[in-house]
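The values are calculated or read from the model by the stated rules, or taken from the named source; none is laboratory data. Quantities reported herein were computed from a predicted structural model and do not represent experimental measurements. Cβ placement follows ideal geometry from the backbone for every residue including glycine, while neighbour counts extend to all protein chains displayed.
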Amino acid sequence: MTTLTTSSAFGHPETEPDHGLDNETFATLWAGDVDLTDLETFREATANESDLVALAAGTDIPLDEPPKAVERWNRADLETFPDTDHTRSVFPVGAPRANGTYLKDVTVSVFAVQPSTRALTNPERTALLVPTEGVTLGTTDYRVRVPADDRTGSRRSTWTLVDSRIVETRLLADGELQARSNGDRTVRLAYDGLDTGDANVVFTLETEVGVELSVLRERQVRRCRTVVINETSGETERRCRWVWRSDHETVLETVTVRDSIEARLYSLAVSGQRTRYPDDDIGLSLRYHDSWLGYKIASGEVNGVWRFYVARDPVWDTLATSSESGATTQHSPLHPLQVHAYPFEPGPTTDGPGVRLLGTDGVRLAAPDLPEHVRLDTPPEVYETSFEVTTRAVGEPGRGDWPRVRAHGLVRGVGVSSDDIAYSEVALHRSNLSLSIVNVTRETATIRISLRDAALGGPIDTSRRVEPVYLGSRVITTDADGLATVTIPRPAGGVTARYEPRDWWQVQGEQAYLGDSETVYVRGSAIDGLSVLYTGGVPIALFLLGVFLIDRITNWGVWPPWRGL
């Protein structure tokens with residue numbers, strides 16, 4: 001067992017772009033690292049930087065989608081794993097290790113699974129979401145303890161290392177072999193064809209290391225022979241001496257070690273409804289039973305409640321190096337990055353002048369706690385998951401084409417196009433609400449309400465549709481003829497009715513309507529008198545104004561009209 005001698009080693013963030021990333025992309029990938037809070041230091045450090053780089057220096061930046069740059073970084077960063085020989089083993093502190101008689105600190109570590117997103121759903125639950133096809137990155141190392149030679153006494157042994165190698169590293173998904181790699185200390189092993197019916201999957205990197213040693217074993221033995229001293233008398237003498245007898249032995253040993261990470265297989269299967277507004281705008285309502293991002297069309301895009309940030313994996317902040325003399329720790333040159341999804345406090349948003357968000361629907365969950373030093377806004381207590389997202393998009397009048405839609409999940413590359421979305425189409429018409437006065441008394445007014453389909457002219461029976469018509473504060477139900485008659489206390493002025501149908505995406509198997517309203521004035525009231533005065537008085541006043549202006553211009557002397565009276 002190797003004992004780690006811990007030095008003062010902590011994770012240190014990268015400060016300069018690397019691995020081919022531009023400055024702005026690089027700056028957005030380090031949420032949770034130390035931000036510049038001193039104003040003078042901030043100004044000096046960002047004096048020559050772009051606005052985005054300067055912003056990232058002082059806070060963390062929410063991202064609208066998982067950045068592809070994370071995978072590029074991790075692939076390149078993996079290659080910075082330190083070189084070693086058989087006398088040293090390098091591994092992140094806490095990595096699984098195994099020891100044999102001669103093989104020591106045999107280790108393997110999962111570096112990253114990509115593409116992937118760790119979803120922070122609520123305070124008690126996070127999940128690493130991975131697609132059904134992806135790549136697992138990892139490192140492996142070992143060292144060999146070659147026994148010391150023994151050159152004293154009557155038995156001697158001499159040890160020689162013949163060969164040592166990583167025999168094989170295997171990627172298993174729930175115990176099923178996915179891929180293998182021979183002899184590499186850094187591995188990129190692909191998996192595919194996993195079944196999303198099994199929601200959870202355990203990825204295991206399994207490394208087998210072998211060593212071959214040769215030992216020359218020598219021991220002293222006494223060799224005796226009889227020597228004839230006198231051939232005539234036949235006298236003999238037994239003479240003995242010590243000699244070394246040697247044997248060569250080959251020693252083989254293998255050690256296997258495993259590191260695992262649990263993930264949840266993530267795919268996207270979106271269903272939806274769509275409709276065409278009377279002005280040719282398009283209504284889209286898409287739904288998935290799990291967390292997803294949103295969708296894009298030609299006129300804009302809409303995102304639900306989820307946003308993203310990228311942070312380094314702190315497990316890799318410190319590397320240990322073990323040798324025969326012990327182990328030390330040092331800052332790690334490797335900083336694997338992980339995409340995280342979290343609920344965004346402003347909630348769902350749209351981007352583009354041609355898209356308007358109508359609503360979202362989901363379940364209410366407690367807002368998660370972000371890791372320490374990640375400065376991003378989450379809902380203060382609870383949030384609503386955006387399982388369903390509904391928008392109205394500007395359409396092209398007369399075209400009649402449905403827009404091409406691309407829905408996106410929380411994992412980069414996971415999405416579906418229009419051809420893969422199961423749509424149901426909803427017919428949407430204008431409604432026509434009209435009011436007429438049937439009877440007026442000193443105390444009451446009887447009003448008839450008519451509600452009809454503005455496109456087809458047919459009646460709208462709200463008793464079957466469970467949709468309200470409001471007359472003032474009263475709820476009115478129209479019959480099979482689209483009519484209703486109601487007597488109310490005589491109003492002081494006008495009375496307004498409004499039809500509030502269900503949202504079109506909530507209508508199942510029925511005609512959907514847009515709302516309408518109408519106001520009627522009860523004759524004989526004060527407002528009616530003002531209405532008559534306004535109707536007749538305005539034209540007369542305009543006529544007199546015209547006469548006055550003409551008289552002033554022509555000096556005809558016709559103003560005022562009553563001059564000759």
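Residues in region 116-163 that are assigned to a strand (DSSP E or B), among the charged types (D, E, K, R) and over 28 Å from the mean Cα position of the chain (by Cα): ASP141, ARG143, ASP150, ARG155, ARG156, ASP163. Would you confirm whether any residue within region 423-439 is among the small types (Gly, Ala, Ser), more than 24 Å from PRO501 (Cα to Cα), part of a strand (DSSP E or B) and in contact (Cβ under 8 Å) with a residue 40 or more places away in the chain? There is no residue in region 423-439 that is among the small types (Gly, Ala, Ser), more than 24 Å from PRO501 (Cα to Cα), part of a strand (DSSP E or B) and in contact (Cβ under 8 Å) with a residue 40 or more places away in the chain. Within region 490-506, the set of residues being touching a Ser or Thr at 6+ places or on another chain (Cβ under 6 Å) and not in a loop (DSSP other than H, G, I, E, B) comprises GLY494, THR496, ARG498, TYR499, TRP504, TRP505. Take VAL440 and decide whether it is out of contact with any Phe, Trp or Tyr (no Cβ under 7 Å at 6 or more places or on another chain), surrounded by 15 or more Cβ atoms within 10 Å (Cβ to Cβ), modelled with pLDDT under 95 and not assigned by TED's automatic domain parsing to the domain that holds GLN511. It is false that VAL440 is out of contact with any Phe, Trp or Tyr (no Cβ under 7 Å at 6 or more places or on another chain), surrounded by 15 or more Cβ atoms within 10 Å (Cβ to Cβ), modelled with pLDDT under 95 and not assigned by TED's automatic domain parsing to the domain that holds GLN511.
Checking each residue in region 349-383 for being acidic (Asp, Glu) and either within 20 Å of the chain's Cα centre (by Cα) or surrounded by 15 or more Cβ atoms within 10 Å (Cβ to Cβ) (or both) picks out ASP351, ASP361, ASP369, GLU372, ASP377. Residues of region 54-67 include none that is hydroxyl-bearing (Ser, Thr, Tyr), surrounded by fewer than 18 Cβ atoms within 10 Å (Cβ to Cβ), on the phi < 0 side of the Ramachandran plot and at pLDDT 90 or above. All of ALA407, ALA327, ALA320 fail the test of being outside the structural domain of PHE81 (by TED's automatic domain parsing), at pLDDT 95 or above and farther than 28 Å from LEU284 by Cβ, apart from ALA320.
Filter region 164-222 down to the residues that are in a loop (DSSP other than H, G, I, E, B) and either closer than 18 Å to VAL130 by Cβ or free of Cβ contacts under 8 Å to residues at least 12 places away in the same chain (or both) and list them by number. Those that are in a loop (DSSP other than H, G, I, E, B) and either closer than 18 Å to VAL130 by Cβ or free of Cβ contacts under 8 Å to residues at least 12 places away in the same chain (or both): ASP174, GLY175, ASP192, GLY193, LEU194, ASP195, THR196, GLY197, ASP198, ALA199. Beta carbons closer than 7 Å, at least 6 apart along the sequence or on distinct chains, pair a first residue in region 106-121 that is within 13 Å of VAL310 (Cα to Cα) with a second that is aromatic (Phe, Trp, Tyr) for LEU120/TYR342.
For first residues located in region 496-510 and in the same structural domain as THR478 (by TED's automatic domain parsing), partners that are assigned to a loop (DSSP other than H, G, I, E, B) and β-branched (Val, Ile, Thr) and lie 6+ apart or on another chain with Cβ distances below 9 Å form the pairs TYR499/ILE460; TYR499/THR478; PRO501/ILE460; PRO501/VAL507; ARG502/VAL466.
Filter region 474-489 for residues that are free of Cβ contacts under 8 Å to residues at least 24 places away in the same chain and either part of a strand (DSSP E or B) or among the β-branched types (Val, Ile, Thr) (or both) and give the result.
Residues satisfying the conditions are ARG474, VAL475, THR477.
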